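J.: Take a look at the following structure, please.
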Amino acid sequence: MPSGGDNSYPGFVELDDGRGLVSWYSSHEKDAEGKTITAIYLAELEIEK
């Protein structure tokens, strides 16, 4: 997971066998003026067996 500055609170929800959602927040991006953006991210994962 990309991270930088302030980041934490990862979460995971299993959708079904081999798939799930991961969420976290991070302050690793900046806006056009160079100010830090804190955002919440969500990724869908699929585990291959």
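J.: Taking DSSP loops as anything outside H, G, I, E and B, show the longest stretch in the chain free of GluC sites (Glu not before Pro) there with at most 14 other beta carbons within 10 Å. Don't skip to the answer; put the middle values down first.
T.: On the way: sites that count: Glu33, Glu48.
It runs 1-32.
J.: Can you give the relative contact order of the chain as a percent, counting alpha carbon pairs under 8 Å and 6+ residues apart?
T.: Dividing the mean separation by the residue count of the chain yields 34 percent.
J.: More than 15 angstrom separation, counting every C-alpha pair in the chain; what % is that?
T.: Roughly 51 percent, once rounded to a whole number.
J.: Pick from Gly20, Gly34, Gly11: which is most flexible by mean-square fluctuation in a GNM of the chain where alpha carbon atoms under 10 Å apart are linked?
T.: Gly34
Readers should treat all values here as calculations from the given coordinates under stated rules, not as data from a laboratory. Since the structure is predicted, the reported quantities are computational estimates derived from the model, not experimental observations. When we count neighbours, we look across all protein chains shown, and the Cβ atoms used for this are built from the backbone with ideal geometry, even at glycine.
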